[in-house]
Amino acid sequence: MIGPKKKPQDFGFKKGDSHLVVNDITEKVKAFDFFGKVLWELPVLARGQGSDFEYKLRNTDTPPGLYKIGTIHKDYEKDPTPSYDRTLMSFGWYSFDLVELENQENKYGRGGIMIHGGGSACGWPGAWLPKQKLFSTHGCVRMHNQDLRDKVLPLTKTGTVFVSVYQES
């Protein structure tokens, strides 16, 4: 596997912060608190629409490395029962922008875009379901809408959320 070269500790990891570890082989994400305690483990998809061993091209796997969550787009809170919307179908209830911490854009030609729910392949209103089917993305990390709301969002309220992405090499 290929993953981050750096650790959250290299960027001021402190009490209240958390660390999500995304494993593309097992299709699981584990959340850890500052003390290393496992908070939860959930399904995740970091696969793109290309080969499982490619992350340098557009629409392929999420590039490996360390990120942190930046801007949060809270579409569910704006309207939990929206009518059809192409953007909402694609990204679901919540979208968490990923800020690269290992210069992935320069290293691989692209960085991870975000963690989000939804999924155009689910159709509408399927992409807006709490536990929508996880389809591959164009380079993002995809999780269930409900898990983003109930598990990831609360972590952002206590500190910085770091995200390590591991891919097949």
query = By how many nm would the segment from Lys6 to Asp150 lengthen if fully extended, with 0.36 nm per residue of separation less the alpha-carbon distance?
reply = 49.0 nm
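Shape of region 112-169 from its Cα gyration tensor (a ≥ b ≥ c, root eigenvalues): rounded if a/c is under 1.5, otherwise prolate when a/b > b/c, or oblate? Please report the intermediate quantities before stating the final value.
Details: a/c = 2.66, a/b = 1.22, b/c = 2.19.
Because a/c hits 1.5 or more and a/b fails to exceed b/c, region 112-169 counts as oblate.
Starting from the Kirkwood Rh over alpha-carbon pairs, what translational D in µm² s⁻¹ does the chain have by Stokes-Einstein at 37 °C and 0.692 mPa s? Show your work: numbers first, answer last.
Values: Rh = 15.7 Å.
Using the Kirkwood radius from Cα pairs, D works out to 209 µm²/s.
Keeping all protein chains in place, calculate the accessible area per residue for the chain (probe 1.4 angstrom), answer in Å². Please report the intermediate quantities before stating the final value.
Values: 8030 Å² over 169 residues.
Averaged over the residues of the chain, the accessible area is 47 Å².
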CD proxy at 222 nm, helix term only [per DSSP H run n ≥ 4: -39500 (n - 2.57); per residue of the chain; nearest 500] = -2000 deg cm²/dmol
ask   = In the Gaussian network model of the chain, springs joining C-alpha atoms below 10 Å, which of Phe91, Phe32, Phe11 carries the largest mean-square fluctuation?
value = Phe11
inquiry  = Students often get this wrong, so check it: of Lys15/Lys157; Lys28/Lys151; Lys7/Lys133; Lys15/Lys37; Lys107/Lys151, which have C-alpha atoms separated by over 24 Å?
reply    = Lys7/Lys133; Lys107/Lys151
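For region 65-121, give the percent of accessible area contributed by carbon and sulfur heavy atoms, probe 1.4 Å, rounded to a whole number.
Details: 1280 of 2640 Å².
Answer for region 65-121: carbon and sulfur cover 48 percent of the accessible area.
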inquiry  = Which of Gly118, Gly139, Gly70 ends up with the largest GNM mean-square fluctuation for the chain, with Cα atoms connected below 10 Å?
reply    = Gly70
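The values are calculated or read from the model by the stated rules, or taken from the named source; none is laboratory data. The structure presented is a predicted model; accordingly, all values stated were derived computationally and were not measured. Heads up: the accessible areas ignore ligands, DNA and RNA and are worked out on the full protein's heavy atoms, side chains in. Shrake-Rupley method; radii C 1.70, N 1.55, O 1.52, S 1.80 Å.
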